[in-house]
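Asks: Please find one structure pasted underneath; my questions will follow.
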Amino acid sequence: MENEAGALSRVAGLFSARGYNIESLSVAPTEDPTLSRMTIVTVGSDEVVEQVTKQLNKLIEVVKIIDLNDGSHIERELMLVKVRATGSADREEIKRLTEIFRGCIIDVTDKSYTIELTGTSSKLDAFLEAVERSAVLETVRTGASGIGRGEWTLKV
Amino acid sequence: MSVELTGAEITIRCLQEEGVQCIFGYPGGAVLFIYDELFKQDKVRHILVRHEQAAIHAADGYARSSNHVGVALVTSGPGVTNAVTGIATAYMDSIPMVVISGQVPTNAIGLDAFQEVDTVGITRPCVKHNFLVKDINELAVTIKKAFYIASTGRPGPVLVDIPKDVSQQKVKFEYPDKVSMRSYNPVTKGHTRQIRKAAELILSAKRPMIYAGGGVILSNAAPQLTELTQLLNFPCTNTLMGLGGYPATDRQSLGMLGMHGTYEANMAMQYCDVLVAVGARFDDRVIGNPKHFFNENRKIIHIDIDPSSISKRVKVDIPIVGDVLDVLKELIKLLKESKEKPDQGALKEWWKQIDLWRERDCLKFDRDSKIIKPQRVIETLFDVTKGDAFITSDVGQHQMWAAQFYKFDKPRRWINSGGLGTMGFGMPAAMGVQLANPKGKVACITGEASIQMCIQELSTCKQYKLPLKIINLNNRYMGMVRQWQEFFHGNRYAESYMNALPDFVKLAESYGHVGMKIEQPGDVEGALKEAFKRKDQLVFLDFITDQTENVFPMVPGGKGLSEMILV
């Protein structure tokens, strides 16, 4: 979509006005600074998703829209999670878990670790399941970003 | 050209470049520079309304009756919030319109300044698009885009919000000949293969039906719709927004369909085997309960410029995205080239069935009543104006009777708020219609409840000598509300009674117009004739009508098309 002020609110407004679900939404400018790319995760029947697509297409600032589920695609989400880490046993356990999930610890205090984790949304969920619930102090997630597999590209 | 112009001058110059002759508005702090420029020129005429809602409705009526883009100018804050009802009305009916609004200066935006609202935010869900112009260099091209977006594709209102300081700054003026936008490329031509498939299906029909909506009017395709219908000898029904798309006095017209549609139109819609939907969107007031609609098997062809209108409420078999005019032309060409014809025997049987439904005479009413029947007033209005008037309406029972009893043979003659259902629309819209058609006969069919929602415009009519004929069907009730309360709420008429009504005759007179009160059925025709004789005067005709009259047929909410309540 055009990288213009207010474009994001048109998309968000459309979802609320028409009663569509919005699971997550991530947006940032692309390599072409006049364009932004947005990944929206929504839930609905085929008919609803068809309507969502058509209605989004009607927004003047939307340049192109694809349903990534139409082909095979890759999606990734970034999560930062702050966990309580006191005592050497706990600290070791969390380090091990972080390694298993291919995350990295990016900030350390004597009582906490902050872990960076990337993956599909379900992998991030799985990590949170694996960590003892009471140890999780804070999480922040970006929502999924998606891209099609192979050489095909979404270009304007 | 090296002369620098102010933003205000540029705004007016852009309107001139677009060929705008008439705009509707109301001045205020944030648009004073623009009004100053309006004052200094005489190409663009400004009509001063008495409330911003009326400015938008008037621009809307102007657009609907003339096929030009309607233009309105309002100030920031309350100017905009008053305009919102009008903008939403135009949006729901896909009317091409450009609204220019003033905004507080850019350095005051967001600081809760006097008369500040988030105009772009408030209007976002009810415009096709909107812009806030923060940079004077963007002003001309933004206005160009606004006209382009408003008038192409599925039309709609576009708002341009101009901060006061931008209207003061200067820049070299250049108006682009055209704009292209990578993110906005409306389709016009339909897919040839789809049109071919549609033609084949049409030729195979045994019980065909053409269902035509407002898209036919908007794309100026009434002649093509008529040609198609007559070429095939198919029955045709028009939606509330589509009236005039096919001549209503013709035998092949089944009248309006839907909640208050005719028996024959609704039955034919339900029991046809091939349905050709043209510029219509199967909305809730048209097909009633979609589940019930699919109790019967039929194949559906759907022509619409807006892909999101297709398969929204009803799954269709052959969607054709494109401008109704282009698609119909191509479809007619294909059908004419084809050697085949639909099964004439089956078609004859189908017409026989339709004529049986017609015999039900679903629009009958008591013609010998001692009290004025509202239907009678409309019929007489049709006779007196020889079916050639521009009719606007407000919203309620009178609107449905107007749609049922005034037989529109031409497009752009019937101007009403179909989608949003805005009471107060009728008179201001009629002002716009009269300004677009100075020689036309313009009547506003209204009720005593609706008319009071924009009654202040009688003053505007006086100022610009607009000789409207106001047909007030005065039943001392919010008639449609009362009807629903009678049918579905145990006759409990909660707040639907209009107490303490004004003396409309005196009211009209106090604004400098002519008022008439008509209480006897025998006086209806004479009063209407007298009113239309007064070519230069607004005449307010207050018809005291039957309080208990209801609109029939009626498909109750949630019911199917063949489940009508009949007289």
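The values are calculated or read from the model by the stated rules, or taken from the named source; none is laboratory data. Since the model is a prediction, treat every value here as computed from it, not as a measurement. Counting neighbours? That spans all protein chains shown, and the Cβs are built from the backbone with ideal geometry, glycine included. In case anyone asks, the SASA skips ligands and DNA or RNA and just uses the protein heavy atoms, side chains included. Shrake-Rupley method; radii C 1.70, N 1.55, O 1.52, S 1.80 Å.
Asks: Could you work out Rg/(2.2 N^0.38 Å) for the stretch B:165-303, with Rg from alpha carbons only?
Replies: 1.37
Asks: Shifting gears a bit: In the neighborhood of B:Met259, defined by Cβ-to-Cβ distances under 13 Å, what is the net charge if each Lys or Arg adds +1 and each Asp or Glu adds -1?
Replies: Local net charge: -1.
Asks: Which value, in square angstrom to the nearest 100, describes the accessible area buried between chains B and A on both sides, using a 1.4 angstrom probe?
Replies: It comes to approximately 1500 Å² buried between B and A.
Asks: Please state, to two decimals, what the Cα-based radius of gyration of the stretch B:272-382 comes to when divided by 2.2 N^0.38 Å (N = residues).
Replies: Compactness ratio reported: 1.44.
Asks: Based on the alpha-carbon set only, what is the convex hull volume of the stretch B:97-194 divided per residue, in Å³?
Replies: Values: hull volume 11.0 nm³, N = 98.
Convex hull of Cα atoms, per residue: 112 Å³.
Asks: Here's another thing I want to ask about it. Nearest 20 debye, what's the magnitude of the dipole of the stretch B:307-353 about its Cα centre given +1 on Lys and Arg Cβ and -1 on Asp and Glu Cβ?
Replies: Dipole about the Cα centre, nearest 20: 160 debye.
Asks: With a cap of 10 neighbouring Cβ atoms within 10 Å, and only residues DSSP puts in a loop, list the trypsin sites (Lys or Arg not before Pro) found in the stretch A:52-83.
Replies: Within the stretch A:52-83, no trypsin sites (Lys or Arg not before Pro) qualify (loop, at most 10 other Cβ atoms within 10 Å).
Asks: Oh, and also: On a straight-distance basis, which aspartates and glutamates could pair with A:Lys54 in a cross-link, Cα separation under 16 angstrom, same-chain partners fewer than 8 positions away excluded?
Replies: A:Asp46, A:Asp67, A:Asp70, B:Asp304, B:Asp306
Asks: Quick check on my link table: of B:Lys43/B:Lys439; B:Lys43/B:Lys506; B:Lys299/B:Lys352; B:Lys40/B:Lys439; A:Lys64/B:Lys197; B:Lys145/B:Lys407, which ones sit more than 30 Å apart, alpha carbon to alpha carbon?
Replies: From the list (B:Lys43/B:Lys439; B:Lys43/B:Lys506; B:Lys299/B:Lys352; B:Lys40/B:Lys439; A:Lys64/B:Lys197; B:Lys145/B:Lys407), the Cα-Cα distance tops 30 Å for B:Lys43/B:Lys506; B:Lys145/B:Lys407.
Asks: What is the antiparallel percent of DSSP beta bridges lying wholly in the stretch B:391-508, to the nearest 5? Don't jump to the answer; show the numbers that get you there.
Replies: Working: 1 of 11 bridges.
Roughly 10 percent of the DSSP beta bridges within the stretch B:391-508 come out antiparallel.
Asks: In the protein assembly as shown, what percent of the accessible surface is made up of carbon and sulfur (1.4 Å probe, ligands and nucleic acids excluded)?
Replies: Carbon and sulfur together cover 50 percent of it.
Asks: Tally Lys and Arg at +1 and Asp and Glu at -1 over the other residues with C-beta under 12 Å from the C-beta of B:Gln270: what net charge comes out?
Replies: -1
Asks: Can you tell me the FRET efficiency between B:Asp368 and B:Asp503 if r is taken as the Cβ-Cβ distance and R0 is 30 Å, rounded to the nearest 0.05?
Replies: Once rounded, the FRET efficiency stands at 0.55.
Asks: Lys/Arg Cβ at +1, Asp/Glu Cβ at -1, dipole of the protein assembly as shown taken about the Cα centre: which of B:Gln452, B:Trp357, B:Ile371 is farthest positive-ward?
Replies: The residue sitting most towards the positive pole is B:Trp357.
Asks: Moving on. Per q in 0.15, 0.21 1/Å, what log10 I(q)/I(0) does a Debye calculation on the alpha-carbon atoms of chain A return?
Replies: Results for chain A at q = 0.15, 0.21 Å⁻¹ read -0.87, -1.26.
Asks: Moving to a separate point now. Let me check against my output: what whole-number percent is the relative contact order of the stretch B:102-246, with C-alpha pairs under 8 Å and at least 6 apart?
Replies: Relative CO of the stretch B:102-246 lands at 19 percent.
Asks: A further question follows. Please name whichever of A:Val11, B:Cys461, B:Gln520 sits farthest to the positive end of the charge dipole of the protein assembly as shown, dipole taken about the Cα centre and charges placed at Cβ: Lys and Arg +1, Asp and Glu -1.
Replies: It is B:Gln520, whose Cα lies furthest towards the positive end.
Asks: Starting from the stretch B:473-524, pick out the trypsin sites (Lys or Arg not before Pro) whose DSSP state is loop and whose Cβ has at most 10 other Cβ atoms within 10 Å.
Replies: Within the stretch B:473-524, the qualifying trypsin sites (Lys or Arg not before Pro) (loop, at most 10 other Cβ atoms within 10 Å) are B:Arg492.
Asks: Another question about this same structure. Tell me which chymotrypsin sites (Phe, Trp or Tyr not before Pro) from the stretch B:221-325 have a DSSP coil assignment and no more than 16 other beta carbons within 10 Å of their own.
Replies: Qualifying residues, ordered by number: B:Phe294.
Asks: Kindly give Rg over Rh for chain B, based on alpha-carbon atoms, with the Kirkwood expression for the hydrodynamic radius.
Replies: Ratio of gyration radius to Kirkwood radius for chain B: 0.99.
Asks: A further question on this structure: To the nearest 20 debye, what charge dipole does the stretch B:423-567 have about its Cα centre, counting +1 at the Cβ of each Lys and Arg and -1 at the Cβ of each Asp and Glu?
Replies: 540
Asks: So what is the relative contact order for chain B, in percent, with contacts set as C-alpha pairs under 8 Å and at least six apart? Display every interim value, and only then the final one.
Replies: Working: 1292 pairs, mean separation 81.7, N = 567.
Relative contact order for chain B comes out at 14 percent.
Asks: Pairs of Cα atoms under 8 Å, at least six residues apart: use those to get the relative contact order of the stretch A:1-131, whole percent.
Replies: 19
Asks: How large is the translational diffusion coefficient of the stretch B:395-474 in µm² per second when you combine the Kirkwood radius over alpha carbon pairs with Stokes-Einstein at 25 °C and 0.890 mPa s?
Replies: 191
Asks: Toward the positive end of the charge dipole of the protein assembly as shown, about the Cα centre and with charges on Cβ (Lys, Arg +1; Asp, Glu -1), which of A:Thr34, B:Tyr35, A:Gly119 goes farthest?
Replies: Farthest towards the positive end: B:Tyr35.
Asks: Also, I was wondering about something else. Given a 1.4 angstrom probe, what's the average accessible area per residue across the stretch B:1-133, in square angstrom?
Replies: Per residue, the stretch B:1-133 has 36 Å² of solvent-accessible surface.
Asks: Here's a follow-up. What is the magnitude of the charge dipole of the stretch B:340-381 about its Cα centre, with +1 placed on the Cβ of each Lys and Arg, -1 on the Cβ of each Asp and Glu, and no other charges, expressed in debye to the nearest 20?
Replies: 260
Asks: The stretch B:180-211: which residues show an accessible-area loss of 50 Å² or more, assembly versus chain alone, 1.4 Å probe?
Replies: Going by heavy-atom accessible area, the residues of the stretch B:180-211 that drop by at least 50 Å² are B:Arg182, B:Ser183.
Asks: Now a separate question. For A:Lys123, list the lysines whose Cα falls under 19 Å from its own Cα; do not include residues on the same chain fewer than 8 positions away.
Replies: In chain and number order, the partners are A:Lys82, A:Lys95.
Asks: Using the 2.2 N^0.38 Å rule of thumb for compact globular proteins, work out how the protein assembly as shown stacks up: its C-alpha Rg over that value, please.
Replies: Details: Rg = 29.3 Å, N = 723, 2.2 N^0.38 = 26.8 Å.
Against the empirical 2.2 N^0.38 Å value, I get 1.09 for the protein assembly as shown.
Asks: Which far-off residues, 5 or more places away or on another chain, put their amide H under 5 Å from the one on B:Gln103, with H placed in the peptide plane?
Replies: B:Ile162, B:Lys164
Asks: Are any of the pairs B:Lys364/B:Lys529; B:Lys312/B:Lys410; B:Lys410/B:Lys441 more than 18 Å apart by Cα-Cα distance, and if so, which?
Replies: Checking Cα-Cα distances, B:Lys364/B:Lys529; B:Lys312/B:Lys410 exceed 18 Å.
Asks: Could you tell me what percent of the DSSP beta bridges with both partners in chain B are antiparallel, to the nearest 5?
Replies: 10
Asks: Which percentage, to the nearest 5, of the DSSP beta bridges contained in the protein assembly as shown is antiparallel?
Replies: Of the beta bridges lying entirely in the protein assembly as shown, close to 35 percent run antiparallel.
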